[in-house]
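Chemist: Handing you this structure, nothing more for now.
The values are calculated or read from the model by the stated rules, or taken from the named source; none is laboratory data. Not measured: the values here are computed from a predicted model. Here the Cβ is made from the backbone with ideal geometry for all residues, glycine too, and neighbour counts use every protein chain on show.
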């Protein structure tokens, strides 16, 4: 079963928005060539400075591989934006369970 991830980010300051958009596009470009990444699509929300991403992976290990591949870009992204919330739909591996440990705004949804 695939793993679907939905994240919402809030840009910290309005002057950071162009940098956030550059980084979001760089992340999408990097994800386009990953064999385990099925979907990686950014959306502008109706709330100013808020963005949502839908990520779909063949499984949790592919999501872990993605984070490893784009680690430097994620560090940059988190310097200009905060993660407001994240929802997982599917089974998580140890890496993801450890990653969410102690984080607020996390929703885990497992199949019936």
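Chemist: Of the residues 101, 87, 79, which is modelled with pLDDT of 95 or more and over 11 Å from the mean Cα position of the chain (by Cα)?
Modeler: Just one listed residue meets the conditions, 79.
Chemist: Looking at 19, 76, which one is surrounded by 14 or more Cβ atoms within 10 Å (Cβ to Cβ), touching a residue at least 60 places away in the same chain (Cβ under 8 Å) and out of contact with any strand residue (DSSP E or B) (no Cβ under 8 Å at 6 or more places or on another chain)?
Modeler: 19
Chemist: Which pairs have Cβ atoms under 9 Å, sit 6 or more apart or on different chains, and link a residue in the range 50-63 that is surrounded by fewer than 16 Cβ atoms within 10 Å (Cβ to Cβ) to one that is part of a helix (DSSP H, G or I) and at pLDDT 95 or above?
Modeler: 61/95
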